[in-house]
Amino acid sequence: MTDHSQSVTAAQGTTAHPHLEHTPGAGKRPVSSTLVARAVYGLITVLAVLQAMELHPPEAWRGAVTTFGTTLAIALIEVYAETIGELLGGRHRLARNDLVHFWHDATPVLVGAQGPTIVLILSALGLMSVETAIDIAQLVAFVTLFVYGWRIGQMLDVPIVRRVLSGLILVAIGGLLVGIKAAFH
């Protein structure tokens with residue numbers, strides 16, 4: 001369900017997810033679960049790209065372009081696939097104003113690429129080696145995953161211990177990806 005349809009549903013006085021009506025923090029600023037999922041997905045994608053770069057370090061500019069470009073491609077294909085699904089499901093026809101919604105839907109996937117891409121750009125400017133930049137970019141990605149998890153817990157009004165646990169779960173998922181890639185290379 002898109003943010004637009006959720007806002008229409010909310011304006012009608014009903015919720016698309018009735019099981020979330022009594023969730024702590026539900027009366028606060030509404031957040032689309034799809035947007036949160038896309039942001040985490042984008043960051044995990046960045047970790048996969050960085051892990052591949054660690055095994056075969058590229059030139060710094062190529063690393064920055066590859067990191068951002070891969071994430072951009074993932075974002076666009078995800079939004080495109082969802083749009084095709086909606087069109088095939090007969091929900092609506094494609095209109096010009098849908099382009100704004102496409103960009104809005106793709107943006108969360110791109111958010112995770114920003115920090116690591118900036119670190120790789122700093123390497124391209126000669127401030128550090130590519131190998132060091134890749135290590136720092138991975139650290140930035142893991143810290144960002146933790147912050148996402150913390151923020152999710154905060155938005156759900158859970159105690160601090162559960163916020164930390166939420167952050168650590170996302171870090172563990174990212175670590176699992178890195179571990180699997182490392183084990184088989």
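A short reminder: the numbers here are calculations on the coordinates, not readings from a lab. Quick caveat: nothing in here was measured; it's all calculated off a predicted structure. Neighbour counts are summed over all protein chains in view; Cβ atoms, including those assigned to glycine, are modelled from backbone coordinates with ideal geometry.
A compact table of results
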{"quantity": "Gained length - Ala73 relative to Ala172, 0.36 nm times residue gap less alpha-carbon distance", "calculated": "33.1 nm"}
{"quantity": "Residue order, fewest to most surrounding Cβ atoms within 10 angstrom, among His101, His56", "calculated": "His56, His101"}
{"quantity": "Cα convex hull of segment 116-173 - mean projected area over all directions, nm²", "calculated": "4.2 nm²"}
{"quantity": "Proxy reagent accessibility, fewest Cβ within 10 Å first, across Thr45, Thr34", "calculated": "Thr34, Thr45"}
{"quantity": "Per DSSP, loop chymotrypsin sites (Phe, Trp or Tyr not before Pro) in segment 133-185 with at most 11 further Cβ within 10 Å", "calculated": "Phe184"}
{"quantity": "Whole-Å distance, taken between Cα centres, linking segment 117-185 and segment 33-111", "calculated": "18 Å"}
{"quantity": "Footprinting exposure proxy for Met155, Met53 (fewest neighbouring C-beta atoms within 10 Å first)", "calculated": "Met155, Met53"}
{"quantity": "R0 of 25 Å, Cβ-Cβ distance Val143-Thr107: FRET efficiency to nearest 0.05", "calculated": "0.75"}
{"quantity": "Mean shadow area of segment 32-183, taken as a quarter of the surface of its Cα convex hull (nm²)", "calculated": "10.7 nm²"}
